[in-house]
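The values are calculated or read from the model by the stated rules, or taken from the named source; none is laboratory data. Remember, it's a predicted structure, so these values are computed and weren't measured experimentally. Please note: Cβ atoms are built from the backbone with ideal geometry, for glycine as well, and neighbour counts cover all protein chains shown. Just the protein is used for accessible areas: all its heavy atoms, side chains included, with ligands, DNA and RNA removed. Shrake-Rupley method; radii C 1.70, N 1.55, O 1.52, S 1.80 Å.
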Amino acid sequence: MYRTKVFFSPLIWLLMLLLTSCVTVNDQKGSQLEKASKINVQLGIGYYHRGNHELANEKLVKAMRQDPKSSQAHHAYAVLQNRFLDKVKAEFYFRKAVTLDPQNSEALNNFGAFLCTEERYEEANKMFMQAVENSIYRSPEVAFTSAAVCLMKQGASQTAQAKEYLKRALAIGSNYRPALINMASVNLIEKDYKMSSLYLKRFHLTGNATARSLWFSIQTEIGLGNNSKINPIAEKLHNNFPDSKEYKQWLALDL
């Protein structure tokens with residue numbers, strides 16, 4: 001029995017070698033561009049935090065050109081556009097970021113916060129919940145707290161659900177300060193001054209007082225009838241935050 005021998009001409013071998021080398025070169029070039037994009041994203045974020053928005057814009061645009069599929073680059077650029085108050089561009093790039101990577105929970109959380117400021121509450125909550133449903137999200141307490149804050153903006157009718165979200169946030173991160181201060185706020189709304197005091201104490205144990213926490217403390221002590229504790233707190237508010245809206249609220253308070 002004879003077997004048919006297949007012979008490749010030198011030209012075919014050359015073409016095969018060229019195709020293989022092109023794939024390898026393209027893969028290497030793609031990998032290098034992705035790495036360069038990640039570097040530019042980090043540089044852009046760094047410039048953003050330092051207030052150099054022009055350079056941040058330059059680096060993030062370059063990052064998106066280098067890797068058009070980078071969810072992180074589009075997310076960072078969306079945050080920058082929101083800072084520029086370009087709402088149309090911000091929404092476009094937020095949506096692009098979460099489309100490119102539906103598990104980018106940081107982008108989902110920030111997109112939710114953006115939608116909340118636009119009073120698109122149902123869409124916002126959808127983004128927050130999509131973020132927390134991601135099993136590999138490292139900070140679900142952030143999205144739970146964002147969802148709670150967004151609910152609180154909608155009025156007293158949403159307080160109960162906001163409280164549930166904050167409980168879930170604190171079950172994950174017991175010292176997460178934004179959840180603690182907002183839990184104090186919820187309890188103030190409900191006039192549960194003892195619980196408000198508890199959360200404020202936990203907040204102050206985890207870091208420095210803020211104008212907001214001192215103002216909440218004043219309101220809590222008033223509610224508890226601890227009039228002797230009010231002036232020392234008000235003095236701290238005056239000394240540390242004399243230009244704050246909270247200090248002005250204290251001055252306007254008619255006791």
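Can you confirm whether region 52-72 contains a residue that is assigned to a helix (DSSP H, G or I), modelled with pLDDT under 95 and of a type in the set (Gly, Ala, Ser)?
no
Among the helices (runs of 4 or more DSSP H) contained in region 181-255, which hold 1 or more residues that are farther than 20 Å from residue 148 by Cα and open to solvent by 80 Å² or more (accessible area, probe 1.4 Å)?
193-205, 230-240, 245-252
Looking at region 116-159 only, could you name the residues that are under 15 Å from residue 185 (Cβ atoms), part of a loop (DSSP other than H, G, I, E, B) and hydroxyl-bearing (Ser, Thr, Tyr)?
none
So which pairs qualify, if the first residue must be in region 39-51 and assigned to a helix (DSSP H, G or I), the second must be among the basic types (Lys, Arg), the Cβ gap must be under 6 Å, and the two must be at least 6 apart or on different chains?
40/59; 40/62; 43/59; 44/59
I'm trying to understand the selection: among the residues of region 81-115, which are farther than 21 Å from residue 125 by Cβ and either touching a Lys or Arg at 6+ places or on another chain (Cβ under 9 Å) or in a loop (DSSP other than H, G, I, E, B) (or both)?
Once the filter is applied, which keeps residues that are farther than 21 Å from residue 125 by Cβ and either touching a Lys or Arg at 6+ places or on another chain (Cβ under 9 Å) or in a loop (DSSP other than H, G, I, E, B) (or both), region 81-115 yields 81, 84, 85, 86, 100.
Mind checking which residues of region 85-135 are under 12 Å from the mean Cα position of the chain (by Cα) and polar (S, T, N, Q)?
104, 105, 109, 110
What is the one condition in (1) at pLDDT below 95; (2) within 24 Å of the chain's Cα centre (by Cα); (3) among the polar types (S, T, N, Q) that residue 31 does not satisfy?
Only one criterion is unmet by residue 31, namely (2).
Which count do you get for residues in region 90-149 that are among the polar types (S, T, N, Q), out of contact with any Phe, Trp or Tyr (no Cβ under 9 Å at 6 or more places or on another chain) and open to solvent by 60 Å² or more (accessible area, probe 1.4 Å)?
Residues in region 90-149 being among the polar types (S, T, N, Q), out of contact with any Phe, Trp or Tyr (no Cβ under 9 Å at 6 or more places or on another chain) and open to solvent by 60 Å² or more (accessible area, probe 1.4 Å): 4 in total.
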